[in-house]
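This report concerns only the one structure given below.
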């Protein structure tokens, strides 16, 4: 059944979602509730990143699903993704893995 988030959840900080971004979040939430795989294919610049970050926030805050979640992104967008997580979900713990396999293995030693 479709249940709609009528307004931006209080745990989503750092800005105000546009109406179409809230609609996109509702699309993702209801697809998840219906166990349906989807692709968020909005045009560039419309906020796919924040909608995706918001969905992970929904899982963590509304559903008490604390991950871990794996987000795989092109290297060219990595810093922006990390920035968006810190902006919109400052309470979510994020770890950025980047580098060669050898450098990533060294990270596990510490």
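Before moving on, here are some points about what is shown:
- Boolean, residue 9 is more than 12 Å from the chain's Cα centre (by Cα) and surrounded by 11 or more Cβ atoms within 10 Å (Cβ to Cβ): yes
- Flag if residue 3 is surrounded by fewer than 16 Cβ atoms within 10 Å (Cβ to Cβ) and modelled with pLDDT of 95 or more: no
- Each residue in region 51-97 was checked for being closer than 17 Å to residue 11 by Cα and in a loop (DSSP other than H, G, I, E, B), and 12 pass.
For (1) over 25 Å from residue 72 (Cβ atoms); (2) not in a loop (DSSP other than H, G, I, E, B), each residue gets a yes or a no:
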{"site": "4", "(1), (2)": "yes, no"}
{"site": "8", "(1), (2)": "yes, no"}
{"site": "14", "(1), (2)": "no, no"}
{"site": "17", "(1), (2)": "no, no"}
{"site": "27", "(1), (2)": "no, yes"}
{"site": "32", "(1), (2)": "no, yes"}
{"site": "37", "(1), (2)": "no, no"}
{"site": "42", "(1), (2)": "no, no"}
{"site": "49", "(1), (2)": "no, yes"}
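- Pair list, Cβ under 9 Å, 6 or more apart: region 71-85 residue exposed (fewer than 12 other Cβ atoms within 10 Å of the Cβ), other residue modelled with pLDDT of 95 or more: 77/49; 80/49
- Among the residues making up region 13-26, those that are at pLDDT 95 or above and touching a helix residue (DSSP H, G or I) at 6+ places or on another chain (Cβ under 6 Å) are 21, 24, 25.
The values are calculated or read from the model by the stated rules, or taken from the named source; none is laboratory data. Computed from a predicted model, the values in this text were never measured in an experiment. Heads up, the Cβs are rebuilt from the backbone with ideal geometry, glycines too, and the neighbour counts pull from every protein chain shown.
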